[in-house]
Amino acid sequence: MAKKCVLCGGEAEFFIKNSSEYYCEECASMQFGDLSYLQKVEDNAKKLKKFLKEKKPPQYDEEIFIDEDE
Ligand SMILES: [Zn+2]
């Protein structure tokens with residue numbers, strides 16, 4: 001599922017928000033000179049993973065983790 005850099009075809013580490021343009025670190029810094037408005041692919045994957053995890057319905061034998069009920 002790794003994204004490819006649109007410039008060199010290498011493994012992309014960054015992408016532009018709201019766009020499907022992916023860049024490896026080298027091309028991103030050459031192209032933009034600044035990585036601050038690029039998003040890290042890795043962060044996004046982590047976020048998605050977390051989201052999927054949180055979306056999972058709680059199980060009855062995991063009630064220890066639910067303490068909103070006070
Ligand atoms: Zn590249």
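Read the figures in this text as sums done on the coordinates, not as results from a lab. This is a predicted model, so every value here is computed, not measured. Cβ: placed from backbone, ideal geometry, glycine included. Neighbour counts: every protein chain shown.
Just a few scattered comments:
- Spin-label pair Lys17-Leu35: with each label point 7 Å from Cα along the Cα-Cβ axis, the two points sit 1.7 nm from one another.
- Highest average packing first - 3-9, 14-20, Cβ atoms within 10 Å: 3-9, 14-20
- What the phi angles of the range 29-37 give under the Karplus curve with 6.51, -1.76 and 1.60, with θ = phi - 60°, is a coupling list of 6, 5, 6, 10, x, 8, 9, 5, 9 Hz, glycine and proline written as x.
- Long-range HN-HN contacts of Glu11 with modeled amide H, under 5 Å: Cys5
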